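Colleague: Before anything else, here's the structure in question.
All of the numbers you see were taken from the coordinates with simple rules; none came from a lab. Remember, it's a predicted structure, so these values are computed and weren't measured experimentally. Every residue, glycine among them, receives a Cβ derived from its backbone with ideal geometry; neighbour counts consider all protein chains shown.
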Amino acid sequence: MPPVVAVRPGAVPLRSVALILVSMFCFALVDALAKSLALAYPANEVTFFRMLFGLFPAVAMCMRGKPLAARLRQLDVRGQTLRALTLLGASGLFFAGLPYMPLSEAVAIVYSETLLVIVLAPLLLKETLKPRDALAAAVGFAGVLFVVRPDGTHSSWIGPVLLISSALCGALSIIQIKRIRASDDSGTTVLYFTMVGTIVMGASLLFAWRTPSFDALAIMALLGAFATAGQLLMTMAFREADAGALAPYNYTSIVWAALFGYVVWGETIGAISLLGIALIVGSSIVVAMRRRKPEEGPLV
């Protein structure tokens, strides 16, 4: 477990900003690699290899400090299992939806999970839904509608449905994080999720499988390594600084997704989709910043 850096009131540590920016770049690479694979291989297979190849860096990260066996014995197994299954659902559904939509639009839809947390938290965590948060969520959901365009512009509803379902699972995962014991360190959390994902998705290969080429296996290995690295970097950043303070930096992954989509697949973003993405990102940032502690001061 990395040392926790004390956060000076009124400031966001540059280390945390650097960690979250590198994390978002890693996730954008994962999304681009996953889309290239999802166009040729079943989503469950892509998810399985993402988990399998992610096990190696996850184990390596947990070899430092306290023995791994001791870490696992102290783990909040029930809480971590629920968190792992919901996050696994978010990952698998996202990979399944990637072939149907431009990469930047897919990423933006999944980011609406922040807004879904606002709706679900009063039901699952007994939190109070503040009117301004509800308004921000409504604006964000309007942005989702602009992106998916229910007027029939999209040739298929499969992609939007899968991606919105992914966002819902992601929101449930975020809520579950609040229920996990604080003693569970970030490295062990990443390792347990990767282990559960490998087992569950390995069983799913009985239902859908296509033998991958050597090149595809290499890409899957990179996908797993970058995904595990991004997840750990993000967890470290959030442990050292308030999530609301880091929220604006989270959405740099959409910029990378748009760039990768344009360069690799020639994808462009229409004006309506761009407006929708702006509404989703803007409302999510507003919600995150409003939930910061008052004593933390302005962002830097």
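Colleague: Starting from the Cα coordinates of the stretch 176-227, work out the convex hull volume and express it per residue in Å³.
Modeller: 96
Colleague: Let me ask something else. So if I restrict to the alpha-carbon atoms in the stretch 1-144, what is the Rg, and what is Dmax, the biggest pairwise distance, in Å?
Modeller: Both quantities, over Cα of the stretch 1-144: 18.4, 49 Å.
Colleague: Determine the dipole magnitude for the stretch 14-296: charges of +1 sit on the beta-carbon of Lys and Arg, -1 on that of Asp and Glu, nothing else is charged, the reference point is the Cα centre, and the result goes in debye to the nearest 20.
Modeller: 820
Colleague: Residue separation times 0.36 nm, minus the C-alpha to C-alpha distance between Q74 and A218: what's the value?
Modeller: Stretched fully, the Q74-A218 segment lengthens by 48.4 nm.
Colleague: Just to check, using Stokes-Einstein with a Kirkwood Rh over alpha carbon pairs, what's the diffusion coefficient of the chain at 4 °C and 1.567 mPa s in µm²/s?
Modeller: My calculation gives 66 µm²/s for D.
Colleague: OK, next. Report the residue, chosen from I180, I277, I20, that carries the largest GNM mean-square fluctuation when the chain is represented by alpha-carbon nodes joined by springs under 10 Å.
Modeller: Of I180, I277, I20, the most mobile in the Gaussian network model is I180.
Colleague: Further, regarding this structure: If each of V255 and W157 carries a label point 7 Å out from its Cα toward its Cβ, how far apart are those two points in nm?
Modeller: 3.6
Colleague: Place a point 7 Å from the Cα of I177 along the Cα-to-Cβ direction; which residues of the stretch 53-85 have their backbone N under 17 Å from it?
Modeller: Only 76, 79-85 pass the distance filter.
Colleague: Under a point spin-label approximation (7 Å from Cα along Cα-to-Cβ), what is the A271-A18 distance to one decimal in nm?
Modeller: Between A271 and A18, the label points sit 4.2 nm apart.
Colleague: Just to verify a number: FRET efficiency for L55 and R149, C-beta to C-beta distance, R0 = 35 Å, to 0.05?
Modeller: 0.35
Colleague: For the chain, which DSSP H helices look membrane-span-like by this rule: Cα extent along the axis of 24 Å or more and mean Kyte-Doolittle of at least 1.0?
Modeller: Taking the DSSP H segments of the chain (at least 24 Å long, mean hydropathy at least 1.0), we get 14-38, 43-61, 131-148, 158-177, 186-204, 214-240, 271-290.
Colleague: Could you tell me the center-to-center distance, by alpha carbons, between the stretch 127-149 and the stretch 264-289 in angstrom?
Modeller: About 13 Å separates the Cα centre of the stretch 127-149 from the one of the stretch 264-289.
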